[in-house]
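Take a look at the structure below.
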Amino acid sequence: QVQLVESGGGLVQAGDSLRLSCAASGGSFSSYAMGWFRQAPGKEREFVAAITRSGGNTDYADSVKGRFIMSRDNAKNTVYLQMENLNPEDTAVYYCAARFSSRILTGEFEYRYWGQGTQVTVSS
């Protein structure tokens, strides 16, 4: 069983930056594809970013391309989401997800393990 714990959320102003972290335990982290998703109030959860287990490939939602960077440190069992130039539309609960896979996974239902989420609020 894999446990995921997100951190780094908070209240920021438009144009600010934040770095989210997701620490994993209970599994072979370097075997897991990882993803970030978010859910805004009244909306469905949506894909944000994904990374392969080696960290060699990433994919992003169009809405965050050029502003967000996902990375991982397999030695620390942690993935990161560096978010730049935040805007109020980025306000959401951000979740990290994991699944044993060699592929890059962008679908919510492809992931098996989920964290509890961290709130990001961007004021205008």
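The values are calculated or read from the model by the stated rules, or taken from the named source; none is laboratory data. Note that the coordinates shown come from a computational prediction; the quantities given were computed from them, not determined experimentally. Here Cβ is always computed from backbone atoms with ideal geometry, including for glycine, and neighbour counts include all displayed protein chains. Quick note on the areas: whole protein, heavy atoms, side chains included, nothing else; ligands and nucleic acids left out. Shrake-Rupley method; radii C 1.70, N 1.55, O 1.52, S 1.80 Å.
Can you tell me how many residues within segment 49-62 are buried (at least 16 other Cβ atoms within 10 Å of the Cβ) and part of a loop (DSSP other than H, G, I, E, B)?
Number of matching residues: 3.
Could you grab the pairs with beta carbons closer than 7 Å, sequence gap of 6+ or different chains, first residue in segment 74-90 and among the polar types (S, T, N, Q), second one open to solvent by 80 Å² or more (accessible area, probe 1.4 Å)?
Gln82/Arg19; Gln82/Ile69
Look at Ala98 and say whether it is out of contact with any strand residue (DSSP E or B) (no Cβ under 9 Å at 6 or more places or on another chain) and farther than 15 Å from Ser17 by Cα.
Numbers: out of contact with any strand residue (DSSP E or B) (no Cβ under 9 Å at 6 or more places or on another chain): no; farther than 15 Å from Ser17 by Cα: yes.
Here the answer is no, as Ala98 does not meet what is asked.
For residues in segment 33-48 being open to solvent by 10 Å² or more (accessible area, probe 1.4 Å) and of a type in the set (Gly, Ala, Ser), which is farthest from Thr91 (Cα to Cα)?
Gly42
Between a first residue in segment 10-38 that is within 15 Å of Arg112 (Cβ to Cβ) and a second residue that is open to solvent by 30 Å² or more (accessible area, probe 1.4 Å) and at pLDDT below 95, which pairs have beta carbons less than 6 Å apart while being 6 or more apart in sequence or on different chains?
These pairs meet every condition: Gly26/Gln1.
Take segment 66-82 and flag every residue that is open to solvent by less than 50 Å² (accessible area, probe 1.4 Å), among the hydrophobic types (A, V, I, L, M, F, W, C) and either out of contact with any Ser or Thr (no Cβ under 6 Å at 6 or more places or on another chain) or at positive phi (or both).
If the condition is that a residue be open to solvent by less than 50 Å² (accessible area, probe 1.4 Å), among the hydrophobic types (A, V, I, L, M, F, W, C) and either out of contact with any Ser or Thr (no Cβ under 6 Å at 6 or more places or on another chain) or at positive phi (or both), then Phe68, Val79, Leu81 are the ones that fit.
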